[in-house]
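Notes follow the structure.
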Amino acid sequence: MLIKDKEKFFSKTYIVCICAILCCLLWGSAFPCVKIGYKLFDINTESVPSLMLFAGARFTLAGVFVIAFGSVTKRKFLLPKPKKLWRVGLVCLFQTILQYTFFYIGLANTAGVKASVLNGLGVFFTILCACFIFRTEKFNLIKLLGCVLGFGGVVLINLGGDFTFSFSLLGEGFVIFSGLSAAVSSGLVKIFSKNEDTTALCGYQFFIGGIVLIIIGVSFGGSIPHIDVGAVFMLIYLAFLSACAFTLQGYLLRYNPVSKVAVFKSTNPLFGAVFSAIILGESDQLLSWFTLLAIVLVCAGIFVINKFGERKPKVKQIEESKEAENNSE
């Protein structure tokens, strides 16, 4: 598929919708599946090196999947441009090493439903990074309102049913840091994919990041005590969902505005909460009013930012319309 054809395909609204929701569906399923993976491999969740070793195995395999896919489709071995390896390294640092180090440790120290809602903050961080770091969008009161709604949901999910504030740095804090790292990586992918092959960028950042996590995990005494067929299949699924979702997101970010892609991430905390409730049996927390309201607030904030955040004032629209008419005459 030629670049122009790819741009035309991935910029279609219904394609963006289908691909973005598929990404969020896959990411949502990761919350409970990672916890199940801990049990299948008999990993000590209090051992940070073991968690990093598990994450490293997953993302190294994800990188192999993406590189193999790219090599088959292009009919040649996929390699990033040697002079641009620093770009792969930078994306790798935020997307794989930092994001998932925070994510795995945080998820091991908080409930899956709670983690999925907190992870929804990544959308707000993406907007804020786009406005103040990468300066690809302008910040306004509508976006501020959306952020307030989202953070309101985060506060509510931490209050719990008895309104006691429950927050730990290694739990909820690290899940939030994970979302921040993901936001930075999204901005980097948006910029770098203009001059880099998206598949190569995604594949090698996973592969290199996974190897780094494995080295760190092994160096500090991490271990995976138990391996069986079920555990291997779970690892393959986790690697697949990462490879598929991040590569798809890479193409969507390359050919669309960040805000157009980010709006669909409002379904991420919803999918995560639903999957955690069904698979992990956390239905009591999911069905409680404070969790449902928190999810609504997070999703409403994301919707407000992306639906109304870039709208121009009517007066300005009228002026631009008149100017266009005068120019046409």
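Using the average count of surrounding beta-carbon atoms within 10 Å as a protection proxy, the listed peptides 98-104, 227-233 rank, highest first, as 98-104, 227-233. Around the Cα centre of the chain, unit charges on the Cβ atoms of Lys, Arg, Asp and Glu (plus for the first two, minus for the last two) sum to a dipole of about 1180 debye.
When Leu93, Leu118 are compared by accessible area at a 1.4 angstrom probe, the order from most to least is Leu93, Leu118. With a Förster radius of 25 Å applied to the C-beta separation of Ile133 and Glu7, the computed FRET efficiency comes to 0.50. Here's the picture: charge each Lys and Arg Cβ at +1 and each Asp and Glu Cβ at -1 in the range 83-147, and of Gly120, Val91, Gly106 the one pushed furthest to the positive end of that dipole is Val91. Here is how the number arises for the chain: DSSP H runs of 4 or more residues each give -39500 (n - 2.57), the sum is divided by the residue count, and the result at 222 nm is -24500 deg cm²/dmol.
Each of Phe206, Pro257, Gly63 was scored by the projection of its Cα onto the charge dipole of the chain, and the greatest displacement toward the positive side belongs to Pro257; charges sit on the C-beta of Lys, Arg, Asp and Glu. One quarter of the surface of the convex hull around the alpha-carbon atoms of the chain equals 19.1 nm², the direction-averaged projected area. Here the spin labels are modelled as points 7 Å beyond Cα on the Cα-Cβ line, and at Lys39 and Phe167 they lie 3.0 nm apart. Computed about its Cα centre, the charge dipole of the range 1-157 is approximately 840 debye, with only Lys, Arg, Asp and Glu carrying charge at their Cβ. Three principal axis extents describe the C-alpha atoms of the range 1-137; from largest down they are 48, 35, 29 Å.
For the chain, the share of accessible area belonging to carbon and sulfur comes to 69 percent (1.4 Å probe, ligands and nucleic acids excluded).
Think of the chain as having a plus end and a minus end, set by charges on the Cβ of Lys, Arg, Asp and Glu; of Leu180, Gly150, Ser223, Leu180 sits farthest toward the positive end of this dipole.
Screening the chain for DSSP H helices whose Cα atoms reach 30 Å or more along their own axis and whose mean Kyte hydropathy is at least 0.5 gives 13-40, 48-74, 198-219, 229-255.
Solvent exposure of the chain, expressed per residue, is 47 Å² of accessible area, with all protein chains present and a 1.4 angstrom probe. Packing, taken as the mean count of other beta carbons within 10 Å per residue, orders the peptides 242-251, 5-14 from highest to lowest as 242-251, 5-14.
The values are calculated or read from the model by the stated rules, or taken from the named source; none is laboratory data. Treat the numbers as computed from the prediction; the structure is a model and nothing was measured. All Cβ positions, glycine included, derive from the backbone under ideal geometry; neighbour counts span all protein chains shown. Protein only, heavy atoms only, side chains kept; ligands, DNA and RNA dropped before computing areas. Shrake-Rupley method; radii C 1.70, N 1.55, O 1.52, S 1.80 Å.
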